[in-house]
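Working notes, beginning with the structure itself.
The values are calculated or read from the model by the stated rules, or taken from the named source; none is laboratory data. Given the structure is predicted, the values throughout are model-derived calculations rather than measurements. Virtual Cβ from ideal backbone geometry, glycine too; neighbours counted across all protein chains shown. Each accessible area value is taken on the protein alone, full model and side chains, heavy atoms only, with ligands, DNA and RNA left out. Shrake-Rupley method; radii C 1.70, N 1.55, O 1.52, S 1.80 Å.
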Amino acid sequence: MTSTKQAKLQSGLLVVSVPLGLLLWPAIEVDATHHLAHFVETYILPLFFVGVGLELRHEFTDGYFKAKSKILVPLIAALLGVVFPALLFIAIAGPLGGAWSIPTATDITLGLAVLAFASTGLSKVLRARFLALATIDDVIGLAILLVVFSAQLNPLQILLTTLALVAFSLSQRIPGKLGYISLVALAAALFFSAGSGLQTSLVGVALGLLVSKAQFFSWISPLNGWVVLPFFGFLVSASAGSYLAGGLAASVLVAVCLRPIGKFLGILIGGSLSSRILGLGWDLKPWGAIGLLGGIGFTVSFLLARVSLGEFPTLFSSAVVGTLIATVVSMLAFAIYATVTGRRVRLNEKSL
C-alpha cells in the first residue's frame, strides 16, 4: 500500500470515528468513557506528539526548514493564523480561560490527506508550505499548552521526567536488542510527566526531538494513524455526546465555527504580506489555498477543548461540535478550490 493511499485511509478512519462516537455514546457507560478519555489523553495521545517531534526534527535537518531563510514566511503566516481565530473567539465568547485557543490549531494529518486528493500539480506546490505552516502551528499550540494549561509544578516529578528523557537519549546508543531500553525510558518519561504539572504532550514532542535512530521508531506513525488518533477522536466525541442532552452554548459554537474565516484571513495576510516584504511577490493563491486547509482542526483542537472546557459539559460539547462543523466547511471549501483550479489548468492545456 502506498503512503498516500495509507494516509487517505487513516484520515478517513479518523473522520468516521468522531461522528461514530457522537452516535454510539448512549450505548457506552458515561463515567467510564470520561475516565478512559482522560487516560488516553495523558498516556497514549503523547505518542502522536512524539510523531510531531520526529517530523519537526526532520524538517530542520532534511526538510523545509533546513534553509533557515524559508522559516520566516510560514512563521508569520502561522502566527497570524493563530491570532485571527483567537480574536474572533474572544470577541464572541470571551477568553473563557484558555478556550480561546481551541480554534487556533491546524491538523497536519487530516490536512495532508485532504491535500492528497487534490491534483498532483496542486499538491506538489502546496504540500511543503502547508507542512511547514502546520508544524509551526503545532509548536505554537504546544507553547499555549505549556504557558496556559500547565498545572502547579512538582519539582521532583519534573526531575524524574528529565532523567527519563536523558536516559531515553542515551539508550539509543546501545546496540542490538538492548536498544529497546529506550522504550522503557519513553514510558517512564510519560509516566513521571503525568504528575509533574506539565502537559504530557510537551514531553512527547521532546521525546520525538531526541530520537537519533528514526528507523527504530518507524512504528509510531502507523500506530498513530490507525489506532491512537481515531480512538482519541472517538472517546472525545463520545464524551461530548453524553453532554448534548443539556443543549449547546451558542456563543462557543459560533466562535469555534468561525475558525475557517479566521484561519483563512490570518494565513493569507501573514503569508502573502511577509512574502511581499521579503521581495518574493504577493503569492496570494498558494497562501489562500493553505488558508483554506488551515481551517481543518481535529486532534490538537480536541485536546485544547478537553483541557480548557472539560469541566463545563455544555461548553465542551459545543466546542467539539463547532470543531467538526468548521473542519467540514474547510474541507469542502478546499475541495471546491481544488476542483476549480484543476479545471482551469486542464482548459489551459487544451487551448495550447
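Do the sum for the chain: with -39,500 (n - 2.57) for every DSSP H run of n ≥ 4, divided by all residues, what is the mean residue ellipticity at 222 nm, to the nearest 500 deg cm²/dmol? Could the numbers behind the result be given before it?
Details: 16 runs with 256 residues, N = 352.
Mean residue ellipticity, 222 nm, calculated: -24000 deg cm²/dmol.
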To the nearest 10 Å², what's residue 35's accessible area with a 1.4 Å probe? 130 Å²
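Could you put 54, 79, 244 in order of accessible surface area, largest first, with the 1.4 Å probe and the full protein assembly present? Present the calculation step by step, with values, prior to reporting the outcome.
Numbers: 54 35, 79 80, 244 60 Å².
Putting 54, 79, 244 in descending order of accessible area: 79, 244, 54.
Mind checking which helices in the chain clear 30 Å along their axis (Cα) and have mean Kyte-Doolittle hydropathy of 0.5 or more, DSSP H runs only? Don't skip to the end; give the middle numbers.
Values: long enough: 3-24 (31 Å, 0.94); 72-93 (31 Å, 2.72); 120-149 (41 Å, 1.56); 313-351 (57 Å, 0.80).
Flagged H segments are 3-24, 72-93, 120-149, 313-351.
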Once every Cα of the chain carries one equal point scatterer and solvent is ignored, give the base-10 log of I(q)/I(0) from the Debye formula at q = 0.11, 0.13, 0.14 Å⁻¹, two decimals. -0.74, -1.03, -1.19
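For segment 150-217, what is the accessible area per residue in Å², given a 1.4 Å probe and the full set of protein chains?
52 Å²
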Cα→Cβ-extended label distance, 7 Å offset, between residue 60 and residue 339, nm: 4.2 nm
Towards the positive end of the charge dipole of the chain, with charges on Cβ (+1 Lys, Arg; -1 Asp, Glu), say which of 187, 257, 134 has the farthest Cα. 134
Charges only on Cβ, +1 for Lys and Arg, -1 for Asp and Glu: so what's the dipole of the chain about the Cα centre, in debye to the nearest 20? 1320 debye
Placing +1 on each Lys and Arg Cβ and -1 on each Asp and Glu Cβ in the chain, then taking the dipole about the Cα centre, the residue among 236, 266, 18 whose Cα reaches farthest towards the positive end is 266
Expressed as a whole-number percentage, the relative contact order of the chain with C-alpha contacts under 8 angstrom and at least six residues apart is 31 percent
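Would you mind telling me the share, in percent, of accessible area of segment 73-127 contributed by carbon and sulfur at probe 1.4 angstrom?
Accessible surface attributable to carbon and sulfur in segment 73-127 totals 74 percent.
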